[in-house]
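Each reported figure results from applying straightforward, stated rules to the coordinates on display, with no laboratory input. Fair warning: this is a prediction, and the values are worked out from it, not measured in the lab. FYI the Cβ positions are ideal-geometry reconstructions off the backbone, even for glycines, and counts take in every protein chain you see.
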Amino acid sequence: MCRMLVFDTHAYVKSLQSVGFTEEQAEVQANALKTLVENDLATKQDLKELELRLKHDLTLRLGTMLVVGIGVVATLVKIL
């Protein structure tokens, strides 16, 4: 998975300081947000990959159900 999220912590710290945060408070907040952005947010590419995997999985499941269903019907036709 290629993640291309960029978070400018320096600009964020300066922004927080401009509204009254101390430098220490701003840095703690910026580091927490950076960790969140880097580890927990999904990118559009992540979502596209997930969508492709789900489509593939659902296609396989539907195909399997159709094959089993046709096999059951064919068996019932032979029996009856």
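Quickly estimate the mean residue ellipticity at 222 nm for the chain, helices only: each DSSP H run with n ≥ 4 gives -39500 (n - 2.57), and the total goes over all residues, rounded to 500. Don't skip to the answer; put the middle values down first.
Details: 3 runs with 64 residues, N = 80.
Calculated mean residue ellipticity at 222 nm is -28000 deg cm²/dmol.
Out of the chain, which trypsin sites (Lys or Arg not before Pro) are coil in DSSP terms and have no more than 14 other C-beta atoms within 10 Å? Numbers along the way, then the final one.
Working: sites: Arg3, Lys14, Lys34, Lys44, Lys48, Arg53, Lys55, Arg61, Lys78; in loops: Arg3.
In loop regions of the chain (DSSP not H, G, I, E or B), the sparsely surrounded trypsin sites (Lys or Arg not before Pro) are Arg3.
What number does the chain give for Rg over Rh if you use C-alpha atoms and the Kirkwood radius? Show your work: numbers first, answer last.
Working: Rg = 25.9 Å, Rh = 17.1 Å.
Ratio value, two decimals: 1.52.
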